[in-house]
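Since the structure comes first, as structure tokens, the remarks are kept for the end.
The values are calculated or read from the model by the stated rules, or taken from the named source; none is laboratory data. Note that the coordinates shown come from a computational prediction; the quantities given were computed from them, not determined experimentally. For neighbour counting, all protein chains shown are included, and Cβ atoms are generated from backbone atoms with ideal geometry for every residue, glycine included. When the accessible area is computed, the model is the full protein with side chains, heavy atoms only, and any ligands, DNA or RNA have been set aside. Shrake-Rupley method; radii C 1.70, N 1.55, O 1.52, S 1.80 Å.
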Amino acid sequence: MGHTPFGYKIENGSAVVDEAAAGQIRQVFRSYLEGDSLATAAKKAGVISFHGGISRMLKNKHYLGDEYYPAIIDRETFDRAEQERMRRAAALGRIKEPAEQEGILIPTVFHAKPVEQTFDDPFLQAEYAYSLIESEEQQW
């Protein structure tokens with residue numbers, strides 16, 4: 001197993017809840033849902049981490065429990081925190097959806113003259129090969 005998430009410890013080869021850290025995790029979720037920022041929620045819970053670390057904590061599905069990790073957070077709290085996180089991101093304009101790119105045509109068929117020279121320098125060989133292209137066509 002790689003990194004053990006904050007809130008757990010390994011005993012006899014199994015993950016168990018570290019109750020002190022689990023209390024801090026629950027406090028982070030509670031404070032965040034009460035309106036605190038990530039940094040403030042972490043500070044109130046006594047968790048020393050950076051903004052991204054706290055954000056990942058709110059998204060860590062291990063806290064719901066799985067085949068290896070016991071549950072620390074219930075599903076309702078986890079889902080509410082995710083909804084709040086997405087709401088705040090949208091309000092701050094931090095949800096980026098890729099813009100559709102129309103009109104980009106990528107040539108798929110090339111017609112080139114035969115290769116007659118070779119170069120030891122791969123850059124010169126590539127430059128030469130590209131110079132042999134006579135036409136490009138779209139194949140859709």
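A few comments on the model shown:
- Solvent exposure of the range 48-140 amounts to 81 Å² per residue of accessible area, where only protein heavy atoms count and the probe is 1.4 Å.
- From the C-alpha gyration tensor of the chain, square roots of 5λ in Å: 54, 22, 15
- Neighbourhood net charge (13 Å Cβ-Cβ; Lys/Arg +1, Asp/Glu -1) for Ala129: -3
- D (Stokes-Einstein, µm²/s), Kirkwood Cα radius, the range 1-65, 0.692 mPa s at 37 °C: 270 µm²/s
- Taking every lysine pair in the chain that is 8 or more places apart or spans two chains, those with Cα atoms closer than 26 Å amount to 10.
- Among the protein heavy atoms, those of Lys59 account for about 90 Å² of accessible surface (1.4 Å probe, every chain in place).
- Around the amide H of Ile72, modelled in the peptide plane, lie the amide H atoms of Leu64, Gly65, all under 5 Å away and 5 or more residues distant in sequence or on another chain.
- Nearest-ten-degree value, helix 75-91 long axis tilted from longest Cα axis of the chain: 50 degrees
- Ligands, DNA and RNA left out, the 1.4 Å accessible surface of the chain is 52% carbon and sulfur atoms.
- Of the chymotrypsin sites (Phe, Trp or Tyr not before Pro) found in the range 1-101, the ones in coil according to DSSP and having at most 16 other Cβ atoms within 10 Å of their Cβ are Phe50, Tyr68.
- Restricting the range 1-72 to GluC sites (Glu not before Pro) in coil, as DSSP defines it, with at most 12 other Cβ within 10 Å: Glu34, Glu67
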